[in-house]
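The values are calculated or read from the model by the stated rules, or taken from the named source; none is laboratory data. From a predicted model like this one, the values you see are computed outputs, not experimental measurements. For accessibility, only protein heavy atoms count, side chains too; no ligands or nucleic acids. Shrake-Rupley method; radii C 1.70, N 1.55, O 1.52, S 1.80 Å.
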Amino acid sequence: LFFAFWLSRVVSNVPALGGGVAGTSAGRALVATLVPVWNLRTVPGTIQDVLYRLDPKAGGFFTVAIAWVGLVGSWVISIVASRYLSLRLRFDIANATSRDEAIESLRGLTTAGAIVDVVTGALIATGALVLILVMIRIERRSRARDAEVRAAAGV
């Protein structure tokens, strides 16, 4: 919710900072951030639009891409790995010739699950950290742009 309201506020401030009309409205940025799956497609573009409108020379595509890969990639890896490990466990137990063989398979798959959990946790942490850095970058650009607009207006 915090991120959705923050992005909505940033989008609504872009015209006042001389960045022109953003590619989306503040209300749409708010709603798009809160709707699952739709936000995977719309939010990175909105952030990229805001970054370029506040400072066209500075860019920020790769930063947004890293945050997106960290947050969305962890979700995809988690889903694929959990389904694979679940199926593998079912087949191993069904085809085990002894209880010890089934337990050994369970041990190996539990270790694999823990590794997947650590990897996805690291991806989430990286994505969240990069997203926070993007937010700080946008806030700094907003303040700098505000100072430029005020200086040009003589305020």
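What shape does the chain have by the C-alpha gyration tensor, where a ≥ b ≥ c are the square roots of the eigenvalues, rounded means a/c under 1.5, and otherwise prolate means a/b greater than b/c and oblate the rest? List each step's numbers first, then the result.
Values: a/c = 4.78, a/b = 3.30, b/c = 1.45.
Prolate.
Can you pull the accessible area of residue 130 for me, 1.4 Å probe, Å² to the nearest 10?
Near enough 20 Å² of accessible area.
When only Cα pairs under 8 Å and 6 or more residues apart are kept, what is the percent relative contact order across region 46-155?
Numbers: 68 pairs, mean separation 44.3, N = 110.
Computed value for region 46-155: 40 percent relative contact order.
For n ≥ 4 DSSP H runs only, could you compute -39500 (n - 2.57) per run for the chain, divide by its residues and tell me the 222 nm figure to the nearest 500? Kindly include the intermediate steps, with their values, before the conclusion.
On the way: 5 runs with 128 residues, N = 155.
One gets -29500 deg cm²/dmol as the mean residue ellipticity at 222 nm.
At 1.4 Å probe size, with the rest of the protein present, what percent of the exposed accessible area of region 41-155 is carbon and sulfur atoms? Show your work: numbers first, answer last.
Values: 4970 of 7560 Å².
Carbon-and-sulfur percentage of accessible area, whole number: 66.
Show 141, 150 ordered by accessible area, largest first, where the area counts protein heavy atoms only and the probe is 1.4 Å.
Working: 141 20, 150 120 Å².
Reading off the accessible areas and sorting them downward yields 150, 141.
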